[in-house]
Amino acid sequence: MSKLWGGRFQKSTDTMVDDFNSSIRFDQRLYKQDIEGSIAHVKMLGKQEIIPENDAKLIEKTLCEILTDIEAGKVEFDIAAEDIHMNIEQILISRIGDVGKRLHTGRSRNDQVALDMRMYVRDEIRAIQEMISSLQLVLINISKENMETILPGYTHLQKAQPITLAHHLMAYFEMLKRDKARLDDTYKRTNILPLGSGALAATTYPLDREFVAQELGFASVSLNSLDAVSDRDFCIELLNSLSILMMHLSRFSEEIIIWCSHEFQFVELDDAFSTGSSIMPQKKNPDIAELVRGKTGRIYGSLVALLTTMKSLPLAYNKDMQEDKEPVFDAIDNVKMCLPVFADMIKTMKIRKENMYQGAKGGFTNATDLADYLVKKGIPFRDAHSIVGKVVFSCIQRNIGLDDMTLEEYKQASELIEEDVFTAISLEECVNRRNVIGGPSKEMMTKIITLNEEYLK
Ligand code: ARG
């Protein structure tokens with residue numbers, strides 16, 4: 001079939017160029033947005049009497065039929081028609097002839113593709129936010145059961161102070177809250193109608209852009225046509241938001257991988273969420289967590305790819321911008337694969353409370369609390385720090401923990417130490433006395449979880 005833009009050409013396109021230039025392979029997923037956008041556009045053309053009302057009605061009806069046919073798998077796209085926009089227009093014209101040729105009045109593919117991408121990104125943002133909420137719910141549920149499950153908290157991956165599993169998991173809950181908020185923010189700047197910007201300089205037709213915006217649920221219309229057709233900030237912001245989200249999932253994955261190791265054994269992944277080795281019969285590997293961590297690099301790659309594509313484009317539309325689609329689609333697809341499988345992996349993993357507790361017992365995680373104990377007895381913190389440092393050193397020599405010391409031995413370190421030291425440095429006390437906002441105590445975690453349950457509703 002000859003090109004919709006074929007008028008000024010004497011020769012047909014080289015087949016290699018058709019292949020090279022065409023984006024239908026990957027942009028066909030925009031068919032729904034493209035058709036919905038066209039329907040809003042054609043309704044407006046009819047209402048404004050830019051085209052006859054009856055033509056507008058027939059076009060709308062036929063577009064609906066094309067949508068049904070595409071969804072039923074009855075439509076074959078044509079590489080030579082380049083992209084989803086011209087494919088659908090070509091199908092429309094093949095079905096209703098001259099009337100179909102009126103659809104593209106007062107519109108360019110440049111504002112059309114910008115519209116389709118915005119509609120697509122809007123939908124996907126909401127879908128991804130819902131998946132994040134499901135993961136958050138998993139975290140809340142496990143946390144509620146584990147407000148007294150003590151494990152060591154780390155800095156530098158060295159045992160630091162005791163915390164609870166609830167406190168640890170709810171840290172990720174906070175990250176995910178920020179991820180959703182970032183997506184909300186991206187949504188706001190995505191939800192602006194570019195249609196009506198034409199190729200670059202708007203149009204002479206009396207378009208009613210506000211009407212189209214309302215039909216399609218956009219909060220406002222773009223205010224500069226050059227910007228509107230050449231802006232892909234919303235795609236970059238999406239990729240940025242997804243990169244940060246994946247960075248969080250990747251850190252979480254890293255911890256799961258460490259926790260599964262024989263050295264830690266803090267958790268055991270469910271058989272259904274682990275894999276074996278083709279040679280080593282004993283192996284049970286955390287492939288899901290590793291793959292989530294691995295895919296993070298790919299999402300960053302998409303962000304950098306699009307930033308780089310956009311960095312030297314003069315105004316307004318340039319064909320380079322067709323390269324926005326694959327990174328955006330790939331990032332969305334992969335994030336949507338990661339979130340549910342990750343959530344289920346966490347939901348089904350076995351928590352080895354005893355190993356966590358033993359982990360917190362070793363490594364002098366209560367040393368700060370011993371120093372704080374001395375401070376309460378009147379010793380300046382720096383001196384207390386030094387006294388405890390010496391006690392720790394001698395314990396290391398003797399291969400014992402702070403709670404294995406006798407009161408007499410403690411007295412040698414400081415006369416001020418009494419029998420109550422043993423409660424003060426018990427792991428339960430260490431955790432539950434950390435009762436400031438944001439701390440791991442059971443009382444505080446109960447409040448924070450209630451607050452976050454409200455937020456999830
Ligand atoms: N397939 C194109 C894209 O994705 C649509 C816009 C084409 N516009 C143009 N003037 N060639 O960017």
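The values are calculated or read from the model by the stated rules, or taken from the named source; none is laboratory data. Computed from a predicted model, the values in this text were never measured in an experiment. Every residue, glycine among them, receives a Cβ derived from its backbone with ideal geometry; neighbour counts consider all protein chains shown. Note: areas computed on protein heavy atoms with side chains; ligands, DNA, RNA excluded. Shrake-Rupley method; radii C 1.70, N 1.55, O 1.52, S 1.80 Å.
Size of the dipole of the chain about the Cα centre, Lys and Arg at +1 and Asp and Glu at -1 on the beta carbon, nothing else charged, in debye to 20?
400 debye
Which of rounded, prolate or oblate describes segment 17-119 when judged by the alpha-carbon gyration tensor and an a/c cut-off of 1.5?
Here segment 17-119 falls in the prolate category.
Taking the convex hull of the Cα atoms, report for the chain its projected area averaged over all directions, in nm².
29.9 nm²
Under the rule of at least 5 residues apart or a separate chain, name every residue whose amide H is placed under 5 Å from the amide H of GLY153.
Sorted by chain and number, the residues that satisfy this are ALA160, GLN161, ILE163.
Taking the Cα centroid of segment 46-110 and of segment 122-172, what is the distance between the two, rounded to the nearest whole Å?
Distance between centres, Cα-based: 49 Å.
Show me, for segment 438-452, the HN-Hα J-couplings you get by feeding each phi into the Karplus relation (A = 6.51, B = -1.76, C = 1.60, θ = phi - 60°), rounded to Hz, glycine and proline as x.
Calculated HN-Hα couplings, in order: x, x, x, 4, 4, 4, 5, 4, 4, 5, 5, 5, 4, 4, 6 Hz.
Exactly which GluC sites (Glu not before Pro) in segment 165-263 are in a DSSP loop and have at most 14 other Cβ atoms within 10 Å?
Passing both the DSSP loop test and the Cβ count: GLU263.
In degrees from 0 to 90, rounded to the nearest 10, what is the angle of the helix 165-190 Cα long axis to the longest principal axis of the chain?
20 degrees
Determine the per residue accessible area of segment 44-174 with all protein chains present and a 1.4 angstrom probe, expressed in square angstrom.
Here the per-residue accessible area is 40 Å².
Residue by residue, what Karplus-based ³J(HN,Hα) values in Hz, rounded to whole numbers, does segment 114-123 have, using 6.51, -1.76 and 1.60 with θ = phi - 60° and x for Gly and Pro?
Going residue by residue, I get 4, 4, 4, 5, 5, 5, 5, 4, 3, 4 Hz, with x marking Gly and Pro.
Roughly how far apart, in whole Å, are the Cα centres of segment 284-314 and segment 203-278?
11 Å
Relative to the longest principal Cα axis of the chain, at what angle does helix 31-47 sit, 0 to 90 degrees, rounded to 10?
Computed tilt is about 50 degrees.
Using a 1.4 angstrom probe, figure out how much accessible area segment 211-291 has per residue, in square angstrom, rounded to the nearest whole.
Here the per-residue accessible area is 48 Å².
Quick one: pull the percent of accessible area on the chain belonging to carbon and sulfur, 1.4 Å probe, ligands and nucleic acids left out.
Ligands and nucleic acids excluded, carbon and sulfur give 53 percent.
Which of the residue pairs LYS188/LYS311; LYS295/LYS347; LYS295/LYS361; LYS177/LYS284 have a Cα-Cα distance greater than 30 Å in the structure shown?
LYS295/LYS361; LYS177/LYS284
Can you tell me the 0 to 90 degree angle between the C-alpha axis of helix 84-96 and the longest principal axis of the chain, rounded to 10?
Between helix and principal axis, roughly 40 degrees.
Please list 3J(HN,Hα) in residue order for segment 61-72, calculated via the Karplus relation 6.51 cos²θ - 1.76 cosθ + 1.60 where θ = phi - 60°; whole Hz, with x for glycine and proline.
Once rounded to whole Hz, the list reads 4, 5, 4, 4, 5, 4, 4, 4, 5, 4, 5, 7.
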